[in-house]
1. Filter region 68-82 down to the residues that are free of Cβ contacts under 8 Å to residues at least 12 places away in the same chain and of a type in the set (Gly, Ala, Ser) and list them by number.
2. Here's a check for you: in region 110-144, which residue that is touching a Ser or Thr at 6+ places or on another chain (Cβ under 9 Å) and β-branched (Val, Ile, Thr) is nearest to residue 65 (Cα to Cα)?
3. Within region 1-36, restricting attention to residues that are at pLDDT below 80 and basic (Lys, Arg), which residue is nearest to residue 114 (Cα to Cα)?
4. Specify which of the listed residues (45, 87) is in contact with a strand residue (DSSP E or B) (Cβ under 7 Å, 6 or more places away or on another chain), among the basic types (Lys, Arg) and crowded, with 16+ Cβ neighbours inside 10 Å.
5. Output the number of the condition that residue 94 fails; it satisfies all remaining conditions of (1) at pLDDT 95 or above; (2) surrounded by 11 or more Cβ atoms within 10 Å (Cβ to Cβ).
6. Out of region 105-146, which residues are acidic (Asp, Glu) and either in a strand (DSSP E or B) or more than 20 Å from residue 39 (Cα to Cα) (or both)?
7. For region 82-100, indicate whether the set of residues that are within 17 Å of residue 44 (Cα to Cα) and aromatic (Phe, Trp, Tyr) is non-empty.
8. Go through region 120-138 residue by residue and tally those that are crowded, with 16+ Cβ neighbours inside 10 Å and free of Cβ contacts under 8 Å to residues at least 40 places away in the same chain.
Amino acid sequence: MAPRFRGNWRNQSMFQVTREIHFCYGHRLLNYEGKCRYLHGHNGRAVITVESAELDHRGMVMDFSDIKRVVASWIDAELDHRMILHREDPVVPYLKNLGEPMHLIDENPTAETIARLIFNFTASQGFPVTQVQLWETPNSFATYRA
C-alpha cells in the first residue's frame, strides 16, 4: 500500500496556454571565444507560456490572438530582422552609420538574455507570463521563468 501524504499540501491546479512566435535576428557575443563572437543570424522561435488558476468568462486563460497581437507585434517592430547587440559593442557606431536596424541591450545578447527581454516585455503588458523559451536553433533553446 502506498504511503499517505500527511503534509500541508494545497491544490495548485493551473491552466496554461502557449504561443509560438517566429522571427529572424542577428547578434554576436562579446567576451566569447567560440564562433558566436562573430556577427551572425538565427531563425528564432519564442515560445511564450501564460498561466492562470482561473479561466475567464470565455473559458480561457487568454486568447492566443491577444498574445499574438501584443507580443508578436512588439517582436516584429523591435527584434525581427534586427541586430540585437550589447550597447557597448564596438560595431554599434559602424552599423548606426550604415543605418542598420538594431536593438541595443545592456547585457551580452545571449539566448538567455533575449528570452528574459521577451518575458519582461510580455509581463509589462499585463500578461500572466510564467515562462519564455527562445529557440536559437532547432536543437538549442534557453528558458527564462518567473
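1. Step one: filter region 68-82 for residues free of Cβ contacts under 8 Å to residues at least 12 places away in the same chain, giving 69, 73, 77.
73, 77, listed by residue number.
2. Step by step, filter region 110-144, then rank; the result is 129.
3. Keep residues of region 1-36 that are at pLDDT below 80, which gives 1-12.
If we keep only those that are basic (Lys, Arg) as well, we get 4, 6, 10.
Numbers: 4: 44, 6: 42, 10: 34 Å.
Top of the filtered list is 10.
4. Just one listed residue meets the conditions, 45.
5. Among (1) at pLDDT 95 or above; (2) surrounded by 11 or more Cβ atoms within 10 Å (Cβ to Cβ), the lone unmet condition for residue 94 is (2).
6. Taking region 105-146 first, the residues acidic (Asp, Glu) are 106-107, 112, 136.
Correct list: 136 only.
7. Step one: filter region 82-100 for residues within 17 Å of residue 44 (Cα to Cα), giving 82-85.
Subset that is aromatic (Phe, Trp, Tyr): none.
Within region 82-100 (the criterion being within 17 Å of residue 44 (Cα to Cα) and aromatic (Phe, Trp, Tyr)), the answer is no, since none of the residues qualifies.
8. In the first step, residues of region 120-138 are kept if they are crowded, with 16+ Cβ neighbours inside 10 Å; the result is 121-122, 127-136.
Adding the requirement that they be free of Cβ contacts under 8 Å to residues at least 40 places away in the same chain leaves none.
Of the residues in that region, 0 qualify.
The values are calculated or read from the model by the stated rules, or taken from the named source; none is laboratory data. Every value quoted in this text rests on a predicted model; they were computed, and no experiment measured them. All Cβ positions, even for glycine, are placed from backbone atoms using ideal geometry, and neighbour counts span all protein chains on display.
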